[in-house]
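Quick notes on the structure that follows.
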Amino acid sequence: MKDYIRRFFIAGIMALCVSLLFLGGKHSKAAEPKISELTEHWVWPADGVITDTYGTRSGQHKGIDIAGDSGSPVYAADAGIVSRSYYSQTYGNVIFIKHNNQTETVYAHLNKRLSAQGEIVSLGQKIGLMGSTGDSSGVHLHFEIHAQAWTPDKINAVDPSVAFGMGEVGQAVNAAARTENAREVSARPSNFNSGQITNDSGETYHIVKTGETVWTIAAHYNLQPGDIASLNNINPDRILTGQKLLIKPGNFSEYTVKQGDTLTSIAKMHDTTAEAIKELNNANSDVIKIGQILIIHKK
């Protein structure tokens with residue numbers, strides 16, 4: 001009987017110890033600072049417009065994309081030490097920074113790296129220039145945050161909105177105002193509307209402003225850069241401030257040039273002008289060929 005009581009007593013003590021360990025472990029985990037608390041002082045890593053967010057592409061996009069001018073500065077989101085600085089087939093020119101809060105950030109597709117491995121960098125320090133190297137379809141910064149450390153499977157990836165507040169595609173962000181709270185900067189609206197024009201034919205145009213790229217404009221209008229390039233018959237890497245870009249076509253029809261046609265006769269037939277046809281078809285002369293297809297405004 002005494003042996004039974006002793007065994008029961010020992011079992012009770014062991015159960016109590018296990019319970020205390022379990023509760024203690026839970027308490028310690030709950031006491032750990034959240035990523036949002038560790039990054040309250042962080043700054044946006046670049047000026048530009050958000051063109052893609054975390055978790056898109058069937059969950060494969062583990063960061064945020066900020067499009068801007070080629071060669072524009074890229075900044076360290078926080079102080080730390082450069083853990084890697086090299087060229088990757090996927091990331092292109094890329095820099096990794098390990099921070100004091102044990103997070104690690106990634107700055108990819110850079111045109112040029114300005115910080116080397118082992119370098120200690122400060123909050124807001126310029127570490128590179130924005131570009132389109134590696135597996136990239138246009139000039140932008142791909143930025144990632146990882147809890148503890150970056151791994152090839154990106155299992156530690158954290159949504160950057162945890163650090164900067166919610167960011168939406170088409171939203172302008174400003175890294176230059178580095179003395180301001182990052183979340184206040186993230187709330188600034190984009191100023192695209194001032195460049196939008198809609199004419200009587202239902203066409204929508206955008207007047208390019210300083211600092212804009214085809215990628216930032218396309219993101220605002222929920223288009224692909226290639227859509228704008230095709231509509232305007234342009235090289236998407238070459239646009240100029242003040243340039244008028246067609247964003248949404250009006251009502252158009254196609255006309256196939258026949259023998260004896262001239263731009264003037266075709267224009268009269270469709271109640272338009274020869275100059276309007278030339279402009280719509282990006283033609284520099286009045287010469288047309290039999291079988292050529294011309295885009296014409298519908299009335």
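The values are calculated or read from the model by the stated rules, or taken from the named source; none is laboratory data. Owing to the predicted nature of the structure, the values given are computational and were not obtained by experimental measurement. Backbone-built Cβ (ideal geometry, glycine too); neighbour counts: all protein chains shown.
Here are the numbers:
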| item | result |
| --- | --- |
| Members of region 261-299 found to be exposed (fewer than 14 other Cβ atoms within 10 Å of the Cβ), closer than 23 Å to Q243 by Cβ, among the aliphatic types (A, V, I, L, M) and out of contact with any strand residue (DSSP E or B) (no Cβ under 7 Å at 6 or more places or on another chain), listed by number | none |
| Top-ranked residue in region 104-155 [being hydrophobic (A, V, I, L, M, F, W, C) and within 14 Å of G68 (Cα to Cα); ranked as farthest from the chain's Cα centre (by Cα)] | L129 |
| Checklist (1) modelled with pLDDT of 95 or more; (2) buried (at least 21 other Cβ atoms within 10 Å of the Cβ); (3) small (G, A, S); (4) touching an Asp or Glu at 6+ places or on another chain (Cβ under 7 Å) applied to S85, failing item | (4) |
| Residue check, L240 assigned by TED's automatic domain parsing to the domain that holds Q224, touching a residue at least 12 places away in the same chain (Cβ under 8 Å) and within 30 Å of T213 (Cα to Cα) | yes |
| Residue match in region 67-79 (condition: under 12 Å from the mean Cα position of the chain (by Cα), assigned by TED's automatic domain parsing to the domain that holds I145 and under 20 Å from M166 (Cα atoms)) | yes |
| Matching residues, region 80-103, being closer than 15 Å to G128 by Cα and either outside the structural domain of H146 (by TED's automatic domain parsing) or outside any strand (DSSP E or B) (or both) | Y91 |
| Single unsatisfied condition, E32 versus (1) crowded, with 16+ Cβ neighbours inside 10 Å; (2) modelled with pLDDT under 90 | (1) |
| The listed residue being closer than 16 Å to W44 by Cβ, modelled with pLDDT of 90 or more and among the hydrophobic types (A, V, I, L, M, F, W, C), out of I66, I120 | I66 |
| When residues of region 104-122 are limited to those that are in a loop (DSSP other than H, G, I, E, B) and touching a Lys or Arg at 6+ places or on another chain (Cβ under 7 Å), the one surrounded by the fewest Cβ atoms within 10 Å (Cβ to Cβ) | Q117 |
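Listed here are the residues, each with its yes/no results for (1) assigned to a loop (DSSP other than H, G, I, E, B); (2) among the acidic types (D, E); (3) at pLDDT 85 or above.
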site: G124; (1), (2), (3): yes, no, yes
site: I127; (1), (2), (3): no, no, yes
site: T133; (1), (2), (3): yes, no, yes
site: H142; (1), (2), (3): no, no, yes
site: G167; (1), (2), (3): yes, no, no
site: A175; (1), (2), (3): yes, no, no
